[in-house]
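Below: the structure, in structure tokens.
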2 protein chains.
Amino acid sequence: MGAEGTPSALDRADALEAELRARICLLDYAPGERLSETELAAEFGISRTPLRKVLARLEGAGLLVSRHGVGTFVTELDDEELDQAYALRLELASLAARLDPALPDPEALSRFRHLAERARSLRPNPDSPRPLAQLIYDFIQAQALLSTNRPLMDFATHLYTQTARLWVHSLYTSDLDLAEEIQLFAREVEDILQALEAGDLEAAALIHRAHVSLSWRRLRARRGTG
Amino acid sequence: MGAEGTPSALDRADALEAELRARICLLDYAPGERLSETELAAEFGISRTPLRKVLARLEGAGLLVSRHGVGTFVTELDDEELDQAYALRLELASLAARLDPALPDPEALSRFRHLAERARSLRPNPDSPRPLAQLIYDFIQAQALLSTNRPLMDFATHLYTQTARLWVHSLYTSDLDLAEEIQLFAREVEDILQALEAGDLEAAALIHRAHVSLSWRRLRARRGTG
DNA sequence: CTCGGATCTGTTGTGCACATCATCAGCCAG
DNA sequence: CTGGCTGATGATGTGCACAACAGATCCGAG
């Protein structure tokens, strides 16, 4: 592997899908926003046909929905579904450590150390929470390797995707305090790293669960205020 | 609603997707089997293009995978992933009753009664476990309405889809005894119906969990034997 | 007989032209 | 002024022809 000299057709489609997934999660495309097939096809230098296949896959994954004659839209979550997703994330955080725990190998550990370093050196950029969003995106993907239960981790990542979009949206609308969120996230990564270095996956899961819970609480508080 | 005189384009696509989902779950298409875009398009009287959109969505949902120049295949689950899915189903059964329980309305109750009646009158057909598979398929979809937590129930249904395919496959290969499975399922539906009529969702969840666990055990036993 | 390579066949991927649908602006009747 | 109608516009949906690709087949050299 690693011979990326000749990106085959399927790899191109997969890369495109990953790129669009990231854009949706990182709020480059806001919930409810319309995506133009024509514009996207032009941007990536391809025809509408292969682009439409990728959009269809994202539709199957529940991130997009297309309406004939209207447009293709990023899915939205109402408050109720957001709460349900958060409640599920709390439960799943415990499950991950209990069901099929996978002790992180040295490479994975170094990846977490790198994440912690990035979190420490992250300074709030008033007009763009994107660096933080990107950091959390990478963090979740690293965390998905802490259990060998693929269905569970796939679903956990999916739920993160759904909740993070609304969470990042609150950063953009200043419902959440960027500097505070950065500090809290850095703390979470540090704590989890410490637990991982001690080989205590259960502790790592508990820490993660606590932060998810607190994050949810802050989001609800601001929701009521706004 | 209910005016089905003019099936719009999008409805057609949705119906087609539901039909293919059912065929995959009911093992009309076995795991690993190749699906021909040309043949399917001809069968449904449409061109390859709209069919490909549906296939792409199913690919996004993790039920299909297409390889350039080779074919489109129904995804396969190895034993490890099957075990992980079963383990998850056990946990989720409890979660459904704990998180967002939804007491069944009279209509839902009557639907369960109808399912129980079908289970009672089901006689083993030596060459076709499909009626049982269809019955369980309907049962799971009815059960998905017992919690208002949509993300949870969607995921539970997805996991059922993954495990049921292998389970039904074992019925086809006679690794499982059809008559025995019919009897056990009828018992499960009766017990759950009783719990629902008493308004005890937690009991219903426990019963379901027990049956999932026992079903898993039978599957593992036959796997070791075969 | 064996092995290697060209070729052949069938598959999914791509591009393009057109059909179908939903929306909105503008206009005309009331 | 109001209300509904009609057309223009731009979106996704569809069909078809062809390209790219993988595997099987066939043929010939050794």
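The values are calculated or read from the model by the stated rules, or taken from the named source; none is laboratory data. Note that this is a predicted model, so its numbers are computed, not measured. Here the Cβ positions follow ideal geometry from the backbone for every residue, glycine too, while neighbour counts run over all protein chains shown. The accessibility values were calculated without ligands, DNA or RNA, using every heavy atom of the protein model including side chains. Shrake-Rupley method; radii C 1.70, N 1.55, O 1.52, S 1.80 Å.
Hey, could you check region B:45-72 for residues that are part of a helix (DSSP H, G or I) and near DNA strand D (Cβ under 9 Å from one of its atoms) and say which is nearest to the other protein chains (Cβ to nearest Cβ)?
Once the filter is applied, the top-ranked residue is B:53.
Out of the residues in region B:29-44 meeting the condition of being open to solvent by less than 60 Å² (accessible area, probe 1.4 Å) and out of contact with any His (no Cβ under 9 Å at 6 or more places or on another chain), tell me which one is nearest to the other protein chains (Cβ to nearest Cβ).
Once the filter is applied, the top-ranked residue is B:37.
Does any residue of region A:95-113 turn out to be within 9 Å of chain B (Cβ to nearest Cβ) and either open to solvent by less than 30 Å² (accessible area, probe 1.4 Å) or in contact with a Phe, Trp or Tyr (Cβ under 9 Å, 6 or more places away or on another chain) (or both)?
Within region A:95-113 (the criterion being within 9 Å of chain B (Cβ to nearest Cβ) and either open to solvent by less than 30 Å² (accessible area, probe 1.4 Å) or in contact with a Phe, Trp or Tyr (Cβ under 9 Å, 6 or more places away or on another chain) (or both)), the answer is yes, since at least one residue qualifies.
Taking residue B:32 as the residue in question, decide whether it is in contact (Cβ under 8 Å) with a residue 12 or more places away in the chain and either near DNA strand C (Cβ under 8 Å from one of its atoms) or part of a loop (DSSP other than H, G, I, E, B) (or both).
Considered against the rule, which asks whether it is in contact (Cβ under 8 Å) with a residue 12 or more places away in the chain and either near DNA strand C (Cβ under 8 Å from one of its atoms) or part of a loop (DSSP other than H, G, I, E, B) (or both), residue B:32 comes out as yes.
I want to confirm something. Restricting to region A:137-168 and keeping residues that are of a type in the set (S, T, N, Q) and under 24 Å from residue A:74 (Cα atoms), which single residue is nearest to the chain's Cα centre (by Cα)?
A:161
Only one of A:210, A:203 is closer than 25 Å to residue A:84 by Cβ and either without any contact (Cβ under 8 Å) to a residue 40 or more places away in the chain or among the aliphatic types (A, V, I, L, M) (or both). Can you tell me which?
After applying the criteria, what remains is A:210.
For residues that are within 17 Å of the chain's Cα centre (by Cα) and crowded, with 16+ Cβ neighbours inside 10 Å, scanning just region A:206-223, find the one that is farthest from residue A:106 (Cα to Cα).
Taking the candidates together, the pick is A:219.
Working only within region B:60-80, note down all residues that are touching a helix residue (DSSP H, G or I) at 6+ places or on another chain (Cβ under 8 Å) and free of Cβ contacts under 8 Å to residues at least 12 places away in the same chain.
Listed by number, the residues that qualify are B:60, B:65, B:66, B:67, B:68.
Would you be able to say whether some residue in region B:88-108 is under 19 Å from the mean Cα position of the chain (by Cα) and farther than 19 Å from residue B:211 by Cα?
Within region B:88-108 (the criterion being under 19 Å from the mean Cα position of the chain (by Cα) and farther than 19 Å from residue B:211 by Cα), the answer is yes, since at least one residue qualifies.
Testing residue A:174 on (1) within 14 Å of another protein chain (Cβ to nearest Cβ); (2) at pLDDT below 90, one condition comes back false. Which one is that?
All conditions are met except number (1).
Hey, can you tell me all the residues within region B:114-133 that are in contact (Cβ under 8 Å) with a residue 60 or more places away in the chain and open to solvent by 70 Å² or more (accessible area, probe 1.4 Å)?
Within region B:114-133, B:120, B:130 qualify.
So, in region B:96-111, exactly how many residues are more than 30 Å from residue A:86 (Cβ to Cβ) and either assigned to a loop (DSSP other than H, G, I, E, B) or in contact (Cβ under 8 Å) with a residue 60 or more places away in the chain (or both)?
Of the residues in region B:96-111, 1 are more than 30 Å from residue A:86 (Cβ to Cβ) and either assigned to a loop (DSSP other than H, G, I, E, B) or in contact (Cβ under 8 Å) with a residue 60 or more places away in the chain (or both).
Of (1) away from DNA strand D (no atom under 16 Å from the Cβ); (2) open to solvent by less than 50 Å² (accessible area, probe 1.4 Å); (3) assigned to a helix (DSSP H, G or I), residue B:77 satisfies all except one. Which?
(3)
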